[in-house]
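Some notes on the structure that comes next.
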Amino acid sequence: MRLRAGNGGAGVVSFQRHGRHPKGRAVGGSGGPGGNVVVEADEAMSTLLTYKRNPHHSAGAGKHGRGDFQQGKRGDDLVLRVPLGTTIRDDDGTIVADLVEHGQSVVLVEGGRGGRGNAAFLSPQHRAPTFCEQGEYGPAEWFEFELRLVADAALIGFPNAGKSTLISRISAAKPKIADYPFTTLEPNLGVVSIADREFVVADVPGLIEGAAEGKGLGHDFLRHTERARALVVLLDPSPLQTDEVDRQYEVLIRELAAHSSELAARPRVVVVSKGDLPEAEISADVLRDLLGEPVHVISSVTGAGLTDLLHSIADAVDTAMKAAPEREGFMLHRPLATPFEITRVGDEWVVSGRAAERAVALNDLTQPDAAAVAARRLARIGVDEALRAAGAIAGDDVRIGDLVFEFDDDDA
């Protein structure tokens, strides 16, 4: 998404005139800063679809200053609400925020600074300043938003194993269900209540052998299991599956381990689906002998075995919650950008960077006082020294933004 912060408002030149002072007192107000772009996790949000449809967003601009010391109003912040579990990357692919709790927020782009009015420049050297600052443009940056679901339990299994049918039976989720592979291309969340217990289940798209290497959209599918506390391994005994249930189990666990060894070690519940088929109980007995642990047999059509299964999932979630600390989100504090950079472009020296642009952001640099202020600012942040070090000599053209001026090397 392309996010733009608000522009800062411009300062103003204004004087309060009275008899003995033709120019009067400087009373120009400063412009308001532009609004920030803020992203906030909201438990009421479930998808990022609204941002996929509209990827361009801007915060409000600050108002200009006015006379009589009237300061411009700050621009309105743009608050983008996202689901819990949203990860944000910048244009370089660096994760800058991982929002997993309701109310967690991060400022992604800061608004442009408001320009100061002439009243802010009053000093012994400038008793009646006739210049002010322009407002700063709000920067625009690209970000990638990714939703990795936060669920208590994840249903994993081969395509057509019955995951979507199961989640539709045990919760209010309404996933797309059809009899062909990869019907589920995006995870579905369902809230399950059993007795006085409640947990969230994610229906993860079907995994196949080679998923950890990206086969069958494997990377996209596996990443949605990363935040599940427990795993529900759903195995399909029907003749439509080319692999027997023991082979399905082996492939699924191997793919989970290849993606993350910690993920494969989480508490899990093993389930044979389609219990109305004669092969189901036979397959379950094979697994019990192989694994030496309970194996549930269920039918999402008839409801057989679902109550016992849900209690087992709730037990596995409780075990996982006791064993592991709650996952915390984070916001990356990015280092301050370099104040300016100097490059040679043709016959010009180009000085780029917000600090340099701020130094010359005055409304009228043809005024000697304004030009002197800009020169002192550039010298103070080290632009003159950097130009000399880069090889600039007196008379060279120097460009800062849209301004071009002649380099005057006083130390030459």
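Could you identify which residue out of G34, G401, G60 has the top mean-square fluctuation in a GNM of the chain using Cα springs shorter than 10 Å? With Cα springs under 10 Å in the chain, the top fluctuation among G34, G401, G60 is at G401. Working from label points 7 Å from Cα in the Cα-to-Cβ sense, the D347 to E40 distance is 5.5 nm.
Using a Gaussian network model of the chain in which every pair of alpha carbons under 10 angstrom is joined by a spring, one finds that among D397, D90, D318 the greatest mean-square fluctuation is at D397.
Under a Gaussian network description of the chain, with springs only between Cα atoms under 10 Å, the residue in R25, R116, R17 that fluctuates furthest is R17. For the chain, the tally of Lys pairs with Cα-Cα distances below 29 Å comes to 17, considering only residues 8 or more apart or on different chains.
Go through 4-12, 265-273 and give me the packing order, highest mean Cβ count within 10 Å leading.
Details: 4-12: 27.0, 265-273: 22.3.
The densest-packed peptide leads the list: 4-12, 265-273.
Name the helices (complete DSSP H segments) of the chain with a Cα length along the long axis of 15 Å or more and a Kyte-Doolittle mean of at least 0.0, or state none. Kindly include the intermediate steps, with their values, before the conclusion.
Numbers: long enough: 245-259 (21 Å, -0.23); 278-291 (21 Å, 0.20); 306-323 (26 Å, 0.52); 368-381 (20 Å, 0.34).
Long hydrophobic helices here: 278-291, 306-323, 368-381.
Legend: calculated FRET efficiency, H311 to L49, from the Cβ-Cβ distance at R0 = 25 Å, rounded to 0.05, equals 0.15.
Given DSSP loops and a limit of at most 12 other Cβ atoms within 10 Å, what is the longest stretch of the chain that contains no such GluC sites (Glu not before Pro)?
Numbers: sites that count: E43, E326, E328.
Longest run free of exposed loop sites: 44-325.
Just to be sure I understand the curve: with the Debye formula and one point per C-alpha of the range 337-412, what is log10 I(q)/I(0) at q = 0.18, 0.23 Å⁻¹? Values returned for q = 0.18, 0.23 Å⁻¹ are -0.66, -1.13. For percent of Cα pairs over 35 Å apart, computed directly from the structure shown, the correct entry in [x] 49; [y] 24; [z] 37 is [x].
Considering helices alone, the calculated mean residue ellipticity of the chain at 222 nm is -7000 deg cm²/dmol, with DSSP H runs of length four and up weighted by -39500 (n - 2.57) and normalised per residue. Computed over the alpha carbons of the range 1-147, Rg followed by Dmax gives 20.2, 67 Å.
Given the chain, what percent of its DSSP beta bridges are antiparallel, to the nearest 5? Could you put the intermediate results ahead of the total?
Numbers: 39 of 64 bridges.
Counting DSSP beta bridges with both partners in the chain, the antiparallel share is about 60 percent.
No lab work stands behind these numbers, since they all come straight from the coordinates. What you are looking at is a predicted structure, and each value in this text was computed from that prediction instead of being measured. Quick reminder, even Gly has a Cβ in these numbers, built from the backbone with ideal geometry, and neighbours come from all protein chains shown.
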